[in-house]
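Report on the following structure.
Here, each number is a calculation from the coordinates, and none is a lab measurement. Please read these numbers as outputs of a predicted model, since none were measured by experiment. Note that we place each Cβ from the backbone using ideal geometry, even for glycine, and neighbour counts take in every protein chain shown.
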């Protein structure tokens, strides 16, 4: 290939070794400064005043510009020239879009109905998103407020129970729905039940919770035969009075008749004739609430029921000389009321022993010393 004009390699001097054709000289690794350009010095940069003239004098073609590069290989010059030509061919000298704003996004084409449908769909999607967000917020709020909600539910439950109890008490105390309408008397034999009901009828119409039991006690004290009583309210309208009557343990002479008395000396009943099975007590004219009668009553209560029924009379002038007369004719020296239960057991043994040995004999039993019971022949 023939070299173009102006690309003749310079003749090597004696100091500088010749460079092989087609290869560039490498820069010395220790060299500094700008890389020298082979083929001669570059033309000086023109001054400002002569810029137009210099521009007119510059080479107009790539071949002319490359001609000033000394020592460049042919292949390198061809590649540079080809790339420059391609770039020049692609570049449009009339292109005026440089520096212009980028194109704007235009709305999609469509009818007004399609645009309205898109707006409706967007609104629905926004509503769904808002609803989902609220649902998530509710779930989180419930999770973080679980303890407080449980505490509030407990307080509400306790308050409801207390309110219900207060309402129930108010209804029971003040409401006429639970007022007293019926009085039922139980356990009476000698006491007139109708008289007891008549004495307590002042409580009728009173709510069961407001019945005056002090007044009930005052009314029942007027019945001497009542030893004790128990009251019970039976909602909604009933008051039950269970009475324990006084039980007579002795008979005392009273003028031309007789009186049945209980262990406290209270007259239970007045009789014209003596009642069988109840011992006749003689305390020498002493009061029935005195110590002599109390000692006799204690002795009679210590006797078994079967043995008590065999006692005919009891005499005592003091608390230490209680004497029993049996219906069979035997006499029992009891003494004081001390250890009456033990004396009763000893007496039962002596009577059984005498019945085995000589049931027809008239004897006297002495149990005043319970550790040494004595049978005397009368």
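Exposure proxy check: 232, 364, 276, 339 ranked by fewest other beta carbons within 10 Å? Don't jump to the answer; show the numbers that get you there.
Working: 232 11, 364 14, 276 8, 339 17.
In increasing order of surrounding Cβ atoms, one gets 276, 232, 364, 339.
Please compute the Kirkwood hydrodynamic radius of segment 250-377 from all pairs of different C-alpha atoms, in Å with one decimal. Working shown, then result.
Values: mean 1/r = 0.0671 Å⁻¹.
Mean inverse Cα-Cα distance, inverted, gives 14.9 Å.
Please give the contour-minus-distance gain from residue 184 to residue 148: 0.36 nm per residue of separation, less the Cα-Cα distance, rounded to one decimal in nm.
On the way: separation 36, 0.36 × 36 = 12.96 nm, distance 5.42 nm.
Length gained between residue 184 and residue 148: 7.5 nm.
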Relative contact order of segment 144-269, pairs being alpha-carbon contacts under 8 Å that are 6 or more residues apart, as %: 22 percent
DSSP-defined antiparallel bridges as percent of all bridges, segment 176-245, nearest 5: 65 percent
Listed peptides 294-302, 113-121, 238-246, 349-357 by packing density, highest first (mean Cβ within 10 Å): 294-302, 238-246, 349-357, 113-121
Order by protection proxy (mean Cβ within 10 Å, highest first), peptides 255-264, 210-219: 255-264, 210-219
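Report the full-extension gain for the segment residue 135 to residue 166: residue separation times 0.36 nm, less the Cα-Cα distance, to one decimal in nm. It would help to have the intermediate numbers written out before the result.
Numbers: separation 31, 0.36 × 31 = 11.16 nm, distance 4.10 nm.
This chain segment gains 7.1 nm when fully extended.
Under the 0.36 nm per residue contour assumption, what length would be gained going from the current alpha-carbon distance of residue 355 and residue 217 to full extension?
Using 0.36 nm per residue and subtracting the Cα-Cα distance, I get 44.6 nm.
Counting other C-beta atoms within 10 Å, which of 251, 327 has the fewest, and how do the rest follow? Mind showing how you got there, number by number?
Details: 251 22, 327 12.
Taking fewest neighbouring Cβ atoms as first place, the list is 327, 251.
What is the calculated FRET efficiency for residue 209 to residue 275, with r their C-beta to C-beta distance and R₀ = 45 Å, to the nearest 0.05?
The pair residue 209/residue 275 has a calculated efficiency of 0.50.
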Cα-derived Rg over Rh, computed across segment 126-174 with Rh taken as Kirkwood radius: 1.42
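Which FRET efficiency value, to the nearest 0.05, is calculated for residue 348 and residue 232 with the Förster distance at 45 angstrom and r the Cβ-Cβ distance?
Working: r = 40 Å, r/R0 = 0.90.
Approximately 0.65, to the nearest 0.05.
Using 1/(1 + (r/R0)^6) with R0 = 35 angstrom and r between the beta carbons of residue 375 and residue 254, what's the FRET efficiency to the nearest 0.05?
Result of the calculation: an efficiency of 0.45.
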Rel. contact order, % - alpha carbon contacts under 8 angstrom, at least six apart, segment 176-245: 47 percent
